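Before any comments, here is the structure.
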Amino acid sequence: MLEALTAPPPDKILSLMDLFRADTRPERIDLGVGVYRDAQGLTPILDVVRRAEARLDAAATTKAYVGPAGDPRFVELVRDLAFGSDAPVDRLRGIQTTGGAGALRLLAGLIARARPGATVHLPDPTWVNHAALLADAGLKLSRYRYYDPATGGVALENMLEDIAAMASGDVIMLHGCCHNPTGADPSREDWQKIADAIAEREIFAFIDLAYQGFGDGLEADAWATRLLIRTLPQLVVAYSCSKNFGIYRDRAGAAFILARTPAEADIARAQLTVQSRIAYSMPPDHGAALVRDILADPASAALWRADVEAMRNRIASTRAALAAALVSLGHPGLRGLGAQKGMFSLLPLTPAQVARMRETFGIYMVDDGRINLAGLQISQIPVLKRALEAIL
Ligand code: LMR
């Protein structure tokens, strides 16, 4: 049996954590895995989360099962956070999942059940795990042109051309905000054109919303998703609480469905719940309970919103400082850096150059050149600049 297995290639992002841990050089810099770090280089537990943990611990009376759909109150609170108070809640349903990746995988399973072998069009490039988890659900994969390395922005005309060539009933994966790995987000005007093109071709939108609050703010980062909800008759959204609550390892997320009618929404939710039961029976409670506790209490929610804003500001000011520092390199591939959003950007490096950055300078990034700006300290910018000067 097991002898039939071959060794899988290492995960392009997570394998960096082990490499970095094994590196003993004091000056090494971790721009790999997408976790927020503060000005001290730490990924802190937010105070508001610690306080919620203490409250939950004091009030806990049981660890009995919650159920495959998780806690409905958590789902309702995240729904309002993501989709706003005027969302069409009669046709929207959701369940709690094990983080954003769990939501993606369950929704992929739901799509495969609704339309076996459906084609999902992924942006080129996209988060490395998208392709693997969609293919694992039995879906076919295709790519649409998304990123324009010449400008560091979205290749809108190419993207619209590719959408026009998609077949009705195909699925398009969209990053709701803070595109991973490029940081290139469509403008509001672009989103309007994208939403109209998707509606016209009757394509099914699959939105990955993992970084709400890290781009332009909590409300602004939900704008595109809310537009798509208003424009399209049906779609799905995978939501992650990992980054904006800083609860990565607790695995809290949600999967949402917008259906054409309330009755179809109920059936889709029931099928999604079956996906959860099959995959892992039910999601872990702790992270979702923290999110519920915080969002349900206006004072805690206000503190949390301020925390998200502080994280966002640190990332934005690091981005601005890096972009300003790298201007003198004059490299066209760095032009878009300052205008990109969220934690990530692509440096114009080949995998061999990325390996040299790591081996020679102790600077770690994904082999496509993706850097996590939240991993960078302002004091490290000259080091990164010198290394890029040497490598480019
Ligand atoms: C990332 O893109 O670095 C994060 O989403 C972590 C992960 O699971 O890959």
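The values are calculated or read from the model by the stated rules, or taken from the named source; none is laboratory data. All figures in this text were calculated on a predicted structure; none of them were measured in a lab. Ideal geometry is used to build each Cβ from the backbone, glycine not excepted, and the neighbour counts take in all protein chains shown. Quick note on the areas: whole protein, heavy atoms, side chains included, nothing else; ligands and nucleic acids left out. Shrake-Rupley method; radii C 1.70, N 1.55, O 1.52, S 1.80 Å.
What the table below lists for this structure:
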| read-out | value |
| --- | --- |
| Semi-axis lengths (Å, descending) of the ellipsoid that matches the C-alpha gyration tensor of the stretch 227-371 | 37, 20, 18 |
| Projected area averaged over orientations for the stretch 55-298, convex hull of C-alpha atoms, nm² | 12.6 nm² |
| Debye equation applied to the C-alpha atoms of the stretch 13-160, log10 I(q)/I(0) at 0.09, 0.18 Å⁻¹ | -0.50, -1.34 |
| For the stretch 102-143: rounded, prolate or oblate by the Cα gyration tensor [a/c cutoff 1.5] | oblate |
| Solution diffusion estimate, µm²/s, Stokes-Einstein, the stretch 39-110, Kirkwood Rh from C-alpha pairs, 20 °C, viscosity 1.002 mPa s | 142 µm²/s |
| Under Karplus coefficients 6.51, -1.76 and 1.60, residue-wise ³J(HN,Hα) of the stretch 278-289 in Hz, glycine/proline x | 5, 6, 8, 6, 6, x, x, 8, 3, x, 5, 5 |
| Solvent exposure of the chain as accessible area per residue, Å², 1.4 Å probe | 43 Å² |
| J(HN,Hα) series, the stretch 28-45, from Karplus relation 6.51 cos²θ - 1.76 cosθ + 1.60, nearest Hz, glycine and proline x | 4, 10, 9, 10, x, 4, x, 10, 6, 10, 8, 5, 9, x, 9, 9, x, 7 |
| Estimated dipole of the chain in Debye, rounded to 20 [Cβ of Lys and Arg +1, of Asp and Glu -1, Cα centre] | 420 debye |
| Dipole magnitude of the stretch 207-284 about its Cα centre (Cβ charges: Lys, Arg +1; Asp, Glu -1), debye to nearest 20 | 200 debye |
| Extended-chain gain in nm, criterion 0.36 nm per residue less alpha-carbon gap, S379 and R277 | 31.9 nm |
| Within-13-Å neighbourhood charge of G287 [Cβ basis; K, R +1; D, E -1] | -1 |
| Length added when fully stretched, E3-V89, from 0.36 nm per residue minus Cα-Cα | 25.9 nm |
| Among beta bridges that DSSP assigns inside the chain, antiparallel share in %, nearest 5 | 45 percent |
| Value of Rg/Rh across the stretch 68-130 [Cα atoms, Kirkwood radius] | 1.01 |
| Solvent-accessible area, 1.4 Å probe, carbon plus sulfur percent, for the stretch 55-298 | 51 percent |
| Contact order relative to length of the stretch 76-178, as percent, for alpha carbon pairs under 8 angstrom and 6 or more apart | 24 percent |
| The stretch 89-165, dipole about Cα centre (Lys/Arg Cβ +1, Asp/Glu Cβ -1), debye to the nearest 20 | 440 debye |
| The stretch 55-298 - percent relative contact order, Cα under 8 Å, separation 6 or more | 30 percent |
| Amide H contacts of I29 (H built 1.01 Å from N, under 5 Å, at least 5 apart or other chain) | I363, Y364 |
| Most positive-pole-ward Cα, A323, M282, A164, against dipole of the chain from beta carbon charges | M282 |
| Separation between Cα centres of the stretch 2-66 and the stretch 243-274, rounded to whole Å | 23 Å |
| Computed [θ] at 222 nm, deg cm²/dmol, the chain (DSSP H ≥ 4; -39,500 (n - 2.57); rounded to nearest 500) | -14000 deg cm²/dmol |
| Backbone HN-Hα couplings from phi across the stretch 357-362 [Karplus 6.51/-1.76/1.60, Hz, Gly and Pro as x] | 4, 6, 6, 7, 10, x |
